[in-house]
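Q: Please read through the structure below; I'll follow up with questions.
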Amino acid sequence: MYGRVVEVQTKTYSSDDGDITANCPIVEYKSDEEKEMHRRIATYDFIVETAHCSHKLYSQKTPHVGDKVTVICNPKTPDEILAFSTMPLTRLLCKLFAPGCFYVVASVLGICYVFIK
């Protein structure tokens, strides 16, 4: 399901390398089964906390008010949601398709070089 960012909050975690700032957008979304809109704080950046420090595992671009996000919700815990920014087609092509084509061409040329020599 999809939702929209209506507000952005930040949380600060302490780490050995300094403070880590995590984005926590407030997302407004509607599930497929329900007719009413929900408004909840979403997990956006993945932070791992240990007894002594915190580490940011996965960081996305900073969300802005009005951004469309993909919302993932566990039916057993509907208060906890994950939000991922939607990827435009041009960024998808630049990040995945173009390097993939380069990798395939390099592999084919490498195999041709091995078998011709």
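The values are calculated or read from the model by the stated rules, or taken from the named source; none is laboratory data. None of the values given here were measured: they were computed from a predicted structure. We place every Cβ from the backbone using ideal geometry, glycine too, and count neighbours over all the protein chains shown.
Q: Kindly establish whether Val104 is loosely packed, with under 12 Cβ neighbours inside 10 Å, in a helix (DSSP H, G or I) and modelled with pLDDT of 85 or more.
A: Numbers: loosely packed, with under 12 Cβ neighbours inside 10 Å: yes; in a helix (DSSP H, G or I): yes; modelled with pLDDT of 85 or more: yes.
Answer is yes for this residue.
Q: Please specify each residue of the range 8-38 satisfying the condition of being of a type in the set (Gly, Ala, Ser), in contact with a strand residue (DSSP E or B) (Cβ under 8 Å, 6 or more places away or on another chain) and more than 21 Å from Ser85 (Cα to Cα). Even if it seems obvious, please write down each step before you answer.
A: So the first thing to find is which residues in the range 8-38 are of a type in the set (Gly, Ala, Ser), and the list is 14-15, 18, 22, 31.
Going one step further and asking which of them are in contact with a strand residue (DSSP E or B) (Cβ under 8 Å, 6 or more places away or on another chain), we end up with 14-15, 22, 31.
Scanning the range 8-38 gives Ser14, Ser15.
Q: Quick check on my filter: what residues within the range 32-80 are hydroxyl-bearing (Ser, Thr, Tyr) and at pLDDT 75 or above? Lay out the reasoning, then the answer.
A: First, pick out the residues of the range 32-80 that are hydroxyl-bearing (Ser, Thr, Tyr): 43-44, 50, 54, 58-59, 62, 70, 77.
Passing the criteria: Thr62, Thr70, Thr77.
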